[in-house]
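Enquirer: The following block contains the structure, expressed as structure tokens.
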Amino acid sequence: MNPLRHISVYVDEPAPGHFHWVLHEGSPCSVWIDIADSEQSYPSWTEAFEAGIVELYRTVADERTGPRAIGEDEDADPVGLRSGNAGPVRLAEDLDREHEA
């Protein structure tokens, strides 16, 4: 089974009274990047946070196992390293490049 993704939800307030949820993902080397955010603003921190939790649930294919990293199954027999990646978990730099695209 692929490893769990380290995803959190936080709320940003870019202007007074305008709250936005943000999904934030950490890599094994403690680099955190924003992976998604709300297009609309919410009138309260609580409403933005709850909407962010709903979005977090959308990243989960199976609620029993949680959000899993994309890549090779760690329980599978090894067949060598994929080029451009040191293992089954995508590097933060790869995620950052995808986020910028």
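Laboratory data are not the source of any read-out in this text; all were calculated from the coordinates shown. Everything numeric in this text was worked out from a predicted model, so none of it was measured. Note: ideal-geometry Cβ built from the backbone for every residue, glycine included; neighbour counts use all protein chains shown.
Enquirer: As an exercise, identify the GluC sites (Glu not before Pro) in the range 6-48 lying in DSSP coil whose Cβ has no more than 15 other Cβ atoms within 10 Å.
Expert: Within the range 6-48, the qualifying GluC sites (Glu not before Pro) (loop, at most 15 other Cβ atoms within 10 Å) are E39.
Enquirer: Residue by residue, what Karplus-based ³J(HN,Hα) values in Hz, rounded to whole numbers, does the range 25-34 have, using 6.51, -1.76 and 1.60 with θ = phi - 60° and x for Gly and Pro?
Expert: Couplings: 10, x, 9, x, 9, 6, 9, 10, 10, 6 Hz.
Enquirer: Nearest 20 debye, what's the magnitude of the dipole of the range 1-60 about its Cα centre given +1 on Lys and Arg Cβ and -1 on Asp and Glu Cβ?
Expert: It works out to roughly 260 debye.
Enquirer: Multiplying the sequence separation of I35 and V60 by 0.36 nm and subtracting their Cα-Cα distance, what value in nm do you get? Don't skip to the answer; put the middle values down first.
Expert: Working: separation 25, 0.36 × 25 = 9.00 nm, distance 1.44 nm.
Going from the current span to full extension adds 7.6 nm.
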